[in-house]
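*Asks:* Take this structure, written in C-alpha cells, and hold onto it; I'll ask about it next.
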Amino acid sequence: PQLQSAVFPGLEVMGNEAFGGCCGLSEVLVTDALARIGAGALAGTPFEAQLGGSMQYVGGCLYRYRGMEEEVTVPPGVKGIAAGAFELHPLLRQIALPATVQYIGARAFAGCARLEDVDTNGKPEAEPDAFEGCARLAPRE
C-alpha cells in the first residue's frame with residue numbers, strides 16, 4: 001500500500017527527501033510549527049503538485065515561490081524559507097523577509113543572478129549555500 005496521508009502536529013523540521021517520490025501522498029497535515037523543509041522533501045508527490053498560488057506554503061514555511069515579481073515581500077508569520085524556494089528565479093531583485101523568519105534553507109535563493117537586496121528584519125539562520133550564485137548580492141555578515 002502507498003502512503004496517501006501524513007499527519008504531523010508539532011513537526012518543526014521536514015528533512016531532505018522526507019516524502020520525495022511518494023507517488024500516492026496527496027495529503028500532508030502539519031501546523032505552523034513547521035519552519036524547515038529540506039530539499040526534495042515533497043518532490044514528485046500529488047500533494048506538491050496541488051499547491052497553488054505564487055507563494056506556496058506548507059505549515060509555517062514558504063515552500064516555493066512561483067510568481068514573476070522583481071520585488072517580493074514575504075508576509076509576517078512565515079517562520080522559514082524552504083530549501084530551493086526561490087532557486088534560479090530569473091527576475092527576483094529584492095526580497096523582504098519578516099522578523100518571524102528564523103531559517104533560510106539550502107539553496108533557497110541560489111542562482112538568483114539579479115538579486116541585490118535582502119532585507120531580513122532580523123538575523124535568521126541561513127544555510128551556507130542559501131545565496132550561492134547571487135553575484136549582485138553583497139556578502140552576508
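*Asks:* Based on Cβ point charges of +1 for Lys and Arg and -1 for Asp and Glu, what charge dipole magnitude is obtained for the range 1-130 about its Cα centre, in debye rounded to the nearest 20? Spell out each step's value before the answer.
*Replies:* On the way: 8 positive and 15 negative charges, 28 e Å.
Charge dipole, the range 1-130, about its Cα centre: 140 debye, nearest 20.
*Asks:* Per residue, how many Å² of accessible area does the chain show with a 1.4 Å probe? Don't jump to the answer; show the numbers that get you there.
*Replies:* Numbers: 7120 Å² over 141 residues.
Per-residue value: 51 Å².
*Asks:* Please give the Cα centre distance for the range 11-45 versus the range 51-125, rounded to the nearest Å.
*Replies:* About 18 Å separates the Cα centre of the range 11-45 from the one of the range 51-125.
*Asks:* Kindly write out, for the range 6-11 in residue order, the coupling ³J(HN,Hα) from the Karplus curve 6.51 cos²θ - 1.76 cosθ + 1.60 (θ = phi - 60°), rounded to whole Hz, with x marking Gly and Pro.
*Replies:* The phi angles translate into 9, 10, 9, x, x, 4 Hz.
*Asks:* How large are Rg and Dmax for the chain when calculated on the C-alpha trace, in angstrom?
*Replies:* In order Rg, Dmax, the Cα atoms of the chain give 14.7, 50 Å.
*Asks:* Please list, in order along the range 21-36, the HN-Hα scalar couplings obtained from phi with the Karplus expression 6.51 cos²θ - 1.76 cosθ + 1.60 (θ = phi - 60°), rounded to whole Hz, x for Gly and Pro.
*Replies:* With coefficients 6.51, -1.76 and 1.60, one gets x, 6, 5, x, 6, 10, 9, 10, 10, 9, 9, 5, 5, 5, 10, 9 Hz.
*Asks:* What are the ³J(HN,Hα) couplings of the range 74-82, residue after residue, when phi is run through the Karplus curve with 6.51, -1.76, 1.60 and θ = phi - 60°? Round to Hz, x for glycine and proline.
*Replies:* My calculation for the range 74-82 gives 7, x, x, x, 5, 9, x, 10, 5 Hz in order.
*Asks:* Pick out which of 43, 108, 35 has the largest mean-square fluctuation in a Gaussian network model of the chain, springs linking Cα atoms closer than 10 Å.
*Replies:* Evaluated over the chain, the most mobile residue of the options is 43.
*Asks:* At 7 Å along Cα-to-Cβ for each site, give me the label-to-label distance between residue 43 and residue 16 in nm.
*Replies:* Between residue 43 and residue 16, the label points sit 1.0 nm apart.
*Asks:* Fully extended, how many nm does the chain gain between residue 117 and residue 68 (0.36 nm per residue separation, minus their Cα-Cα distance)?
*Replies:* 16.0 nm
The values are calculated or read from the model by the stated rules, or taken from the named source; none is laboratory data. Note that the structure is predicted; figures quoted are calculated from it, not measured. Cβ: placed from backbone, ideal geometry, glycine included. Neighbour counts: every protein chain shown. Only protein heavy atoms, including side chains, enter the accessible area calculation; ligands, DNA and RNA are left aside. Shrake-Rupley method; radii C 1.70, N 1.55, O 1.52, S 1.80 Å.
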